[in-house]
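Colleague: Sharing a structure with you now.
The values are calculated or read from the model by the stated rules, or taken from the named source; none is laboratory data. It should be emphasised that the depicted structure is a prediction, and the values quoted were computed from it without experimental measurement. Cβ: placed from backbone, ideal geometry, glycine included. Neighbour counts: every protein chain shown.
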Amino acid sequence: MTVTVVGGGLAGCEAAWALAERGIDVTIVEMRPVVRTAAHQTDRLGELVCSNSFKSVELQNAHGLLKAEIRDLGSVLLPLADEARVPGGAALAVDRDVFSQLVHAKINSHPRITVTRKEATSIPDAGVVATGPLTSSSLADAIKTRLGSDALAFFDAIAPIVSTESLDHDVLYAKSRWGKGEGDDYLNSPMNKEQYEGFMDALTAADQFHGHEFDDIAYFEGCLPVEEMAKRGRETARFGPMKPIGLHHPVSGLEPYAAVQLRREDKAAQMWNLVGFQTRLRIPEQAKVFRMIPGLEKAEFLRYGSIHRNSYINAPASLGPGLMVKDGAPVFFAGQLTGVEGYTESIATGLLAGINLARVLVGDEPLVPPATTMLGGLYRYLAEADPKHFQPMNANFGLLEPLPLDSPVPSSLGVTGTRHVDSPGESRRHLDRAPKGRVERKDEKKQLLVDRARADFASWRAAL
């Protein structure tokens, strides 16, 4: 039997590999280059169209914990990201060209995987649909017909990239927030209050691209256009992508009033991404406004920010266990189309879709990790969120099942004993004070969540 994976992005590639490794022949249907998108630059599998960062690898970060879980499940893409990695502090940042080349070669090398270039206009009889935020209108119509509910839509925004030789390195300084990673993985542009206020004025006054769909935009809160942040309040950006905390100047030792961070896009550090500066400003406005950033007065823009449609399914209303269709057919959905946000989340849902489709094809039930794990918590959200107010979600510790009220202090933190853990809504004024020399409660609680998640995931995985 041959199954079909619709979409050659991160989720589709991960699903196809998981199926092929379980002895199932797979056809990946990818519409590029027959049908092109506004965001993709190549026809390669696994191309990254937004950030070049897969976010943190640290276990005490939600994205790091999710990475650990899907590595345990045998992810094929994360090792390729490791191979394409560029300095990015605690983040798994990659050279996007190297990464997509590696993914394209790896997937095409599997003897059980065939790649077909055409537009899919219907849902397969057996397979995984992972077409992502740029699902074609024909397939979107087929999804609506099959699932019985309308797909929602909002718009992601892409941040600009500038060339290193066009930057004023006498003004910029190399430093990672709190010295993470190699300590100097980012370039930072410091702003004083006057510069920041002038930048905010220019940002809010700049001309933006508007289409008919923008009459009522429902942006994902974790990916707001920078000009939208500026309109929400003068200080919003200073508590978001322009926060100065942990970025003291290496010479003066002073913390700037605000700071713009640039993250390298390639291993040779020739291209730098304006972190958090996703935008829908018109191109002339981007050049004018972003060159107000100190050190970017003569910036050469290798890629301007842009917008692209992001369609996603109302998963709680439309999908069943493990993101399988409710009519019982062996069809799963995966990736951003299901309402997850982020590269790692897309990989995770693609991997589990492939595993579960293989199980269903031999008569087994789909399995989902417990909600004490990051992957399980994410799937629980997709299954149980209020359909009336469903919005995309990325990995975060708020998705996990709360800890018991009394939990032992994690031994990994070098302390022992039992600590009272907040129940939801408990007032912090009743918390017992940590004895001198002990770690902060927040760190203790997060470590407890991580330790439990790792143990529970290992137990669940053993039952697969």
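Colleague: Determine whether segment 39-60 contains at least one residue that is in contact with a Lys or Arg (Cβ under 8 Å, 6 or more places away or on another chain) and on the phi > 0 side of the Ramachandran plot.
Modeller: No, because not a single residue in segment 39-60 is in contact with a Lys or Arg (Cβ under 8 Å, 6 or more places away or on another chain) and on the phi > 0 side of the Ramachandran plot.
Colleague: Over 21 Å from S306 (Cα atoms), touching a strand residue (DSSP E or B) at 6+ places or on another chain (Cβ under 8 Å) and at pLDDT 95 or above: is that true of G74 in this structure?
Modeller: Details: over 21 Å from S306 (Cα atoms): yes; touching a strand residue (DSSP E or B) at 6+ places or on another chain (Cβ under 8 Å): no; at pLDDT 95 or above: yes.
No: the conditions fail for G74.
Colleague: Within segment 284-303, does at least one residue satisfy the condition of being buried (at least 18 other Cβ atoms within 10 Å of the Cβ), out of contact with any Gly (no Cβ under 9 Å at 6 or more places or on another chain) and part of a strand (DSSP E or B)?
Modeller: The initial filter retains those residues of segment 284-303 that are buried (at least 18 other Cβ atoms within 10 Å of the Cβ), namely 285-286, 289-290, 293-296, 299, 301.
Next, from what is left, pick out any that are out of contact with any Gly (no Cβ under 9 Å at 6 or more places or on another chain): 285, 289, 293-296, 299, 301.
Among the residues that remain, those that are also part of a strand (DSSP E or B) are: 301.
Looking through segment 284-303, at least one residue is buried (at least 18 other Cβ atoms within 10 Å of the Cβ), out of contact with any Gly (no Cβ under 9 Å at 6 or more places or on another chain) and part of a strand (DSSP E or B).
Colleague: Here's another thing I want to ask about it. Does L375 meet the test of being at pLDDT 90 or above, touching a Pro at 6+ places or on another chain (Cβ under 7 Å) and crowded, with 19+ Cβ neighbours inside 10 Å?
Modeller: Yes.
Colleague: Can you find, within segment 378-409, the residue that is surrounded by the fewest Cβ atoms within 10 Å (Cβ to Cβ) among those that are of a type in the set (A, V, I, L, M, F, W, C) and not in a helix (DSSP H, G or I)?
Modeller: Kept after step one, since they are of a type in the set (A, V, I, L, M, F, W, C), are these residues of segment 378-409: 378, 382-383, 385, 390, 393, 395, 397, 399-400, 403, 405, 409.
Those left that are additionally not in a helix (DSSP H, G or I): 385, 390, 393, 395, 400, 403, 405, 409.
Numbers: A385: 17, F390: 19, M393: 21, A395: 27, L400: 24, L403: 16, L405: 10, V409: 19.
Only one residue fits best here, namely L405.
Colleague: Looking at segment 348-358, can you tell me whether even one residue there is in contact with a Lys or Arg (Cβ under 9 Å, 6 or more places away or on another chain), part of a strand (DSSP E or B), of a type outside the set (F, W, Y) and at pLDDT 90 or above?
Modeller: Checked against the condition, which is being in contact with a Lys or Arg (Cβ under 9 Å, 6 or more places away or on another chain), part of a strand (DSSP E or B), of a type outside the set (F, W, Y) and at pLDDT 90 or above, segment 348-358 yields no hits at all.
Colleague: Kindly state which helices (runs of 4 or more DSSP H) lie completely within segment 17-131 and contain at least 1 residues that are among the aromatic types (F, W, Y) and buried (at least 19 other Cβ atoms within 10 Å of the Cβ). Break it down into steps so the answer makes sense when it comes.
Modeller: Details: elements: 62-72, 77-83, 96-109.
Result: 96-109.
Colleague: Right, here's the next one. When you look at G342, is it farther than 18 Å from L139 by Cα, free of Cβ contacts under 8 Å to residues at least 24 places away in the same chain, not aliphatic (A, V, I, L, M) and not assigned by TED's automatic domain parsing to the domain that holds V275, yes or no?
Modeller: Details: farther than 18 Å from L139 by Cα: yes; free of Cβ contacts under 8 Å to residues at least 24 places away in the same chain: no; not aliphatic (A, V, I, L, M): yes; not assigned by TED's automatic domain parsing to the domain that holds V275: yes.
In short, no.
Colleague: Within segment 326-342, take every residue that is in contact with a helix residue (DSSP H, G or I) (Cβ under 7 Å, 6 or more places away or on another chain) and β-branched (V, I, T) and give me the one that is farthest from L77 (Cα to Cα).
Modeller: Of everything passing the filter in segment 326-342, T338 is farthest from L77 (Cα to Cα).
Colleague: Given the criterion part of a loop (DSSP other than H, G, I, E, B), surrounded by fewer than 20 Cβ atoms within 10 Å (Cβ to Cβ) and in contact with a helix residue (DSSP H, G or I) (Cβ under 8 Å, 6 or more places away or on another chain), identify the matching residue among G253, G246. Explain how you work it out, then say what you get.
Modeller: Working: G253 fails: in contact with a helix residue (DSSP H, G or I) (Cβ under 8 Å, 6 or more places away or on another chain).
Result: G246 is the single residue among G253, G246 that is part of a loop (DSSP other than H, G, I, E, B), surrounded by fewer than 20 Cβ atoms within 10 Å (Cβ to Cβ) and in contact with a helix residue (DSSP H, G or I) (Cβ under 8 Å, 6 or more places away or on another chain).
Colleague: Show the residue pairs meeting these rules: Cβ distance below 6 Å; 6+ apart or different chains; first residue within segment 282-304 and on the phi > 0 side of the Ramachandran plot; second residue surrounded by 18 or more Cβ atoms within 10 Å (Cβ to Cβ) and not polar (S, T, N, Q).
Modeller: What qualifies is G295/L167; G295/L172.
Colleague: Right, something else. Within segment 378-408, track down each residue that is touching a residue at least 12 places away in the same chain (Cβ under 8 Å), out of contact with any Pro (no Cβ under 8 Å at 6 or more places or on another chain) and over 21 Å from R452 (Cβ atoms).
Modeller: If the condition is that a residue be touching a residue at least 12 places away in the same chain (Cβ under 8 Å), out of contact with any Pro (no Cβ under 8 Å at 6 or more places or on another chain) and over 21 Å from R452 (Cβ atoms), then Q391, P392 are the ones that fit.
Colleague: Which condition number in (1) under 21 Å from the mean Cα position of the chain (by Cα); (2) surrounded by 24 or more Cβ atoms within 10 Å (Cβ to Cβ) is the one that A259 fails?
Modeller: Going through (1) under 21 Å from the mean Cα position of the chain (by Cα); (2) surrounded by 24 or more Cβ atoms within 10 Å (Cβ to Cβ) one by one, A259 breaks only (1).
Colleague: Going by the conditions given, is Y343 under 30 Å from D207 (Cβ atoms) and aromatic (F, W, Y)? Give the derivation first.
Modeller: Numbers: under 30 Å from D207 (Cβ atoms): no; aromatic (F, W, Y): yes.
In short, no.
Colleague: Among the residues of segment 359-372, what is the count of those that are part of a loop (DSSP other than H, G, I, E, B) and either crowded, with 17+ Cβ neighbours inside 10 Å or among the polar types (S, T, N, Q) (or both)?
Modeller: Going residue by residue through segment 359-372, those that are part of a loop (DSSP other than H, G, I, E, B) are 362-372.
Going one step further and asking which of them are either crowded, with 17+ Cβ neighbours inside 10 Å or among the polar types (S, T, N, Q) (or both), we end up with 366, 368-372.
Within segment 359-372, residues that are part of a loop (DSSP other than H, G, I, E, B) and either crowded, with 17+ Cβ neighbours inside 10 Å or among the polar types (S, T, N, Q) (or both) number 6.
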